[in-house]
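Derivation of every value follows stated rules applied to the coordinates shown; laboratory data play no part. Just so it is clear, the model here is predicted, and its values are computed rather than measured. No Cβ is skipped: glycine too gets one built from the backbone with ideal geometry, and neighbour counts run over all protein chains shown.
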Amino acid sequence: MRKLAVCLTKGGVGKTTTSVNLSAGLARQGYRVLLVDTDTQPQAGSMLGIKAEGGLAGLVSGQIEPGQAIIQARERLWLLSGGSSLAGLKRLISQKEFGGERTLAEALEKLESQYDYVILDSAPGWDSLTVNVLFYVTEVLAPVSLEVMALQGLLQFVQRLQAIQRHNQEMQLRYVLPTFLDRRVRKSEEIIGLLRSHYGQRLCPAIRYNVRLSEAPGYGQSIFEYAPESPGAQDYQQLTERILEDG
């Protein structure tokens, strides 16, 4: 069973798009996937056409049983939704005198035997819940939009990861995923070159800018459902295959 966080402190880099479509891609390949939304804005559920809030917060707090908290979104794909109630979960974590960073792990570890993959979609920024995510997972996939500010954000994020690794030595930055690639923009290729020089084999093939990727959430569908022949579907299929090869 693999535990992977799609994480970067900068917003607008395609974290939720990647979390949803990677999860859908793995499920299409026959794997049982739990998608965990750790954002107070429950966009992962919305992208799958599901209106649900409070699943994760209720599960961790013990107010909801797993069978009530987890929603089957597609065949072999289940969702543990985020939402505004996660603000209360963050307070619960901060009030713990000891072991607050393991709060999420203690709740999710009980469910692991039911799934092949647990994919966690993280919120922008750096807070107690982000730290909890990184104390739980063993792999991190960092999406990076091809702009200078996102590259700087990645470097800062890696420094923070190194601090967490002193406590969770199993966790590592496994994948760097360039997003919003537009080959007409010269700087995109330049930034990919910089990423390749820094991260080598951890660099994944880029996700191209594709209008179908931005349209699909409005219909509550993954890219594989909405536009299966589109470049976006091809790119996320390639990412799915990369993850499976490493498994």
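Residues in the range 90-110: is at least one without any contact (Cβ under 8 Å) to a residue 24 or more places away in the chain and closer than 17 Å to Ala123 by Cβ? Checked against the condition, which is being without any contact (Cβ under 8 Å) to a residue 24 or more places away in the chain and closer than 17 Å to Ala123 by Cβ, the range 90-110 yields at least one hit.
Please state which one of Ile64, Ile71 is part of a loop (DSSP other than H, G, I, E, B), out of contact with any Lys or Arg (no Cβ under 8 Å at 6 or more places or on another chain), β-branched (Val, Ile, Thr) and surrounded by fewer than 20 Cβ atoms within 10 Å (Cβ to Cβ). So that I can check it myself, show each step before the final result.
Details: Ile71 fails: part of a loop (DSSP other than H, G, I, E, B).
After ruling out the rest, the residue left standing is Ile64.
Residue pairs whose Cβ atoms lie under 6 Å apart, separated by 6 or more positions or on different chains, with the first residue in the range 50-71 and under 15 Å from Ser84 (Cβ atoms) and the second of a type in the set (Val, Ile, Thr) and surrounded by fewer than 21 Cβ atoms within 10 Å (Cβ to Cβ), are Ala52/Ile71; Gly58/Ile64. Among the residues of the range 24-49, those identified as in contact with a Lys or Arg (Cβ under 9 Å, 6 or more places away or on another chain) and not in a loop (DSSP other than H, G, I, E, B) are Ala24, Leu26, Ala27, Arg28, Val33, Gly45. Under the condition of being among the hydrophobic types (A, V, I, L, M, F, W, C), under 17 Å from the mean Cα position of the chain (by Cα) and under 17 Å from Ala44 (Cα atoms), the residues counted in the range 192-219 number 1. Here Trp78 meets the list (1) among the aromatic types (Phe, Trp, Tyr); (2) crowded, with 17+ Cβ neighbours inside 10 Å; (3) out of contact with any Leu (no Cβ under 6 Å at 6 or more places or on another chain) almost entirely, failing just condition (3). The lone criterion from (1) under 30 Å from Ile93 (Cα atoms); (2) buried (at least 18 other Cβ atoms within 10 Å of the Cβ) left unmet by Gln152 is number (2).
Can you name the residue in the range 220-247 that is part of a loop (DSSP other than H, G, I, E, B) and surrounded by fewer than 16 Cβ atoms within 10 Å (Cβ to Cβ) and is also farthest from the chain's Cα centre (by Cα) among such residues? Step through it out loud before you land on a result.
Going through the range 220-247, the residues part of a loop (DSSP other than H, G, I, E, B) turn out to be 220-222, 227-230, 247.
Cutting the leftovers down to surrounded by fewer than 16 Cβ atoms within 10 Å (Cβ to Cβ) gives us 228-229, 247.
Working: Pro228: 21, Glu229: 24, Gly247: 17 Å.
Top of the filtered list is Glu229.
Put simply, of Val36, Val13 the only residue that is among the β-branched types (Val, Ile, Thr), surrounded by 24 or more Cβ atoms within 10 Å (Cβ to Cβ), under 20 Å from Tyr136 (Cα atoms) and under 13 Å from the mean Cα position of the chain (by Cα) is Val36. On the stretch given as the range 105-128, residues that are under 22 Å from His167 (Cβ atoms), more than 15 Å from the chain's Cα centre (by Cα) and either surrounded by 22 or more Cβ atoms within 10 Å (Cβ to Cβ) or not acidic (Asp, Glu) (or both) total 5.
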